[in-house]
Amino acid sequence: MSDFPSFKEIYEQHTDMVFNLCLNYLQNEADAEEVTQDVFIKVYRQLANFKGQATLKTWIYRISINQCQDFLKAKKRQKRFGFHIPVLWGNPAEGLPVLSDFKHPGVQLEDKEAVAYIFKNINDLPQQQKTALLLKVVEDLSQKEIAAILDISIKAVESLLSRARSNLQKKLDASEG
Amino acid sequence: MKSKSNIDLLKKIEKVSAPPFLFTRIEARINQQPEDRIPIKWAYAMSLGLAVLFCFNLLLIRSDFRKSKKAESLQIVVEEMDLHHSNQLYYE
């Protein structure tokens, strides 16, 4: 355990990975920065409890995904209990970030509208499907890595990805009319 | 519109670097809130203490209620049998 990296080293090795994952999950730069901070505070506090059952990268991926999901839940709660008019009038896009919320510095200007549109539909997928799809398509991870992060079998990842792709395509086709 | 919904567009998303000074901000937040969590042992001890206090209160209330009931029934017997606590033989 003596050659275990220090917190600063862990931060330097994983900060871009965490920030990009948060950015793809939340599609907002400010939110991604806030959640990245939360992730590393959690890593710092729980580092003593890390037993090495998974790799450090997998462990940090898991923390990041959980933090992003908690952040989205809190945001949804805030909207629901706040004076948010679209929720009161039953907006079908409830809980989805509206286009003005989309602020992703990794997306090129000419693709911005199209990517925001795809992300809007990805956000509507069940949580597990959304996570698997983002890890595969955007993060470019292997099915084995995704299986380790989500703590499921490779077969389950295959099925998740296939369902996610087909559900997303249905949503895109439906909204395109 | 088909081109708009091409999932492969997501593969074109570029990786970006984390904002500068993020580590400084994280460090500041770590130092700001050193230990906002109560240790689990303390939480257990406190809840156990509260439970004991609650049970003790219940017992006290119950025994108080029994005592008052007992005194009440004794008073009824004394009144009905015309018993007096006083040692005086003659009433004035």
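Annotation for the range A:1-32 versus the range A:102-177: alpha-carbon center distance of 20 Å.
Each of B:SER47, B:ILE30, A:LEU109 was scored by the projection of its Cα onto the charge dipole of the protein assembly as shown, and the greatest displacement toward the positive side belongs to A:LEU109; charges sit on the C-beta of Lys, Arg, Asp and Glu. Exceedance of the 32 Å cut-off in Cα-Cα distance is limited, within the set A:LYS8/A:LYS171; A:LYS73/B:LYS11; A:LYS75/A:LYS136; B:LYS41/B:LYS70; A:LYS155/B:LYS41; A:LYS136/B:LYS41, to A:LYS8/A:LYS171; B:LYS41/B:LYS70; A:LYS155/B:LYS41; A:LYS136/B:LYS41.
Once C-alpha pairs closer than 8 Å and six or more residues apart are averaged by separation and normalised to the residue number of chain A, the relative contact order reads 22 percent.
Any read-out appearing in this document is the output of simple, stated calculations on the displayed coordinates, not a laboratory observation. Note that the coordinates shown come from a computational prediction; the quantities given were computed from them, not determined experimentally. Methodologically, a virtual Cβ is constructed for each residue, glycine included, from the backbone with ideal geometry; neighbour enumeration extends over all protein chains shown.
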